[in-house]
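K.L.:
Mind looking over this structure? Questions follow.
Values quoted throughout were computed directly from the atomic coordinates according to the rules given, and no laboratory measurement underlies them. From a predicted model like this one, the values you see are computed outputs, not experimental measurements. Note: ideal-geometry Cβ built from the backbone for every residue, glycine included; neighbour counts use all protein chains shown.
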Amino acid sequence: KGALSVRGLHKSYGGTPVLRGVDLDVAPGEVVCFLGPSGGGKSTLLRCVAHLEQPDAGLVAVDDEVVGYEPRAGRLVESSPKRLAMTRRRMGMVFQQFNLFAHLTALENVMLGPVTVLRRDREAVRERSMELLGRVGLAAHAGKRPAQLSGGQQQRVAIARALAMDPSVLLFDEPTSALDPELVGEVLGVMRDLAGQGMTMLVVTHEVGFAVEVGDTVVFLDGGVIEEQGPAKQVLRSP
Ligand code: ADP
Ligand code: ADP
């Protein structure tokens with residue numbers, strides 16, 4: 001579980017190409033860190049992989065389920081909405097701005113997806129969600145609302161929320177960029193733990209230290225194409 005392939009991903013905004021044919025293969029348990037200049041297309045790539053954004057062309061395959069736009073008989077044919085929805089559920093996304101519901105407690109935020117989307121038994125979900133909050137170090141804060149938590153704690157709730165949907169792949173879009181410097185470490189620590197537990201992760205980050213230490217692969221994206229890709233130490237070697 002957790003294999004991901006991207007083929008020929010293209011995306012333009014108002015005629016301006018932002019992704020210009022991105023191909024990527026990620027093995028189960030692999031951690032891929034995306035670096036590159038602002039505007040290079042990192043965030044757009046993640047949103048297309050998560051199906052939060054519709055690419056103009058290209059395929060994304062998770063666990064051998066292929067979705068996207070396939071050339072068939074000379075034209076692009078879109079995957080069925082059902083297939084899209086199934087695959088979207090395999091992706092857990094963590095955003096720069098935690099995107100928690102302000103009126104719900106940490107526990108309720110984590111429980112919401114499994115209860116409303118997966119329609120799982122509420123008590124079983126509650127138990128599992130408490131377990132996940134424990135895993136990110138927040139068991140004692142389950143009853144608090146986002147406003148009562150620090151940014152680092154809120155982001156850890158967001159990670160627990162993503163895990164609650166049992167994703168095959170976790171996608172992080174600059175997860176520590178909105179945090180005060182002293183709170184960055186606690187979030188990176190949780191991400192390091194997840195990597196150690198074999199989670200497949202795609203991480204857009206400016207934290208080069210994290211990319212070197214935790215990333216199996218570093219992808220340098222610039223101008224909507226992958227300029228360089230390889231083991232962190234190779235891509236980030238001094239010239
Ligand atoms: P990065 O994450 O590498 O900084 P982005 O994927 O956020 O790059 O952005 C790449 C380019 O696409 C930028 O020029 C950005 O302004 C543009 N862009 C991103 N999202 C949109 C959007 N929804 N509408 C129009 N342009 C967008
Ligand atoms: P990130 O820091 O993740 O790269 P951005 O600040 O580039 O995010 O973009 C934040 C949001 O604004 C995204 O939803 C993106 O799609 C949208 N956006 C970015 N650039 C543009 C743009 N030029 N026109 C319209 N929407 C944009």
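K.L.:
Report, please, the projected area of the chain averaged over directions, based on the convex hull of its C-alpha atoms, in nm².
P.N.:
13.8
K.L.:
I'd like to know how the stretch 11-112 sits against the 2.2 N^0.38 Å rule of thumb: what's its Cα Rg over that expected value?
P.N.:
Ratio of Rg to 2.2 N^0.38 Å for the stretch 11-112: 1.24.
K.L.:
Continuing with this model, one more query. Can you show me the helix-derived [θ] at 222 nm for the chain, built from DSSP H runs with n ≥ 4 at -39,500 (n - 2.57) apiece and divided by the number of residues, rounded to the nearest 500. Kindly include the intermediate steps, with their values, before the conclusion.
P.N.:
Details: 8 runs with 82 residues, N = 239.
Mean residue ellipticity, 222 nm, calculated: -10000 deg cm²/dmol.
K.L.:
Sticking with this one: Could you sort 123-130, 57-64, 171-178 so that the peptide with the highest average Cβ count within 10 Å comes first and the rest follow in order?
P.N.:
171-178, 57-64, 123-130
K.L.:
Additional query: Report relative contact order for the stretch 24-103 in percent, whole number only (criteria: Cα-Cα under 8 Å, sequence separation at least 6).
P.N.:
This gives 18 percent for the stretch 24-103.
K.L.:
Related question: Helices from the chain with mean Kyte-Doolittle at least -0.5 and a Cα length along the axis of 18 Å or more, per DSSP H: which? Walk me through the numbers on the way to the answer.
P.N.:
Details: long enough: 122-135 (19 Å, -1.01); 151-164 (20 Å, -0.04); 181-196 (23 Å, 0.62).
Qualifying helices, which must be both long enough and hydrophobic enough, are 151-164, 181-196.
K.L.:
Under 15 Å between alpha carbons, and skipping anything fewer than 8 positions from K42 in its own chain: which aspartates and glutamates qualify?
P.N.:
Answer for K42, where 15 Å is the Cα cut-off: D23, E53, D173, E174, E207, D222, E227, E228, listed by chain and number.
K.L.:
Could you tell me the relative contact order of the chain? Use alpha-carbon pairs under 8 Å, at least six residues apart, and round to a whole percent.
P.N.:
28
K.L.:
Let me ask you something else. Antiparallel as a % of all DSSP beta bridges within the stretch 81-239, to the nearest 5?
P.N.:
Looking only at bridges with both residues in the stretch 81-239, the antiparallel portion is about 35 percent.
K.L.:
Further question: If you take all C-alpha pairs in the stretch 82-155, what percent of them are over 14 Å apart?
P.N.:
63
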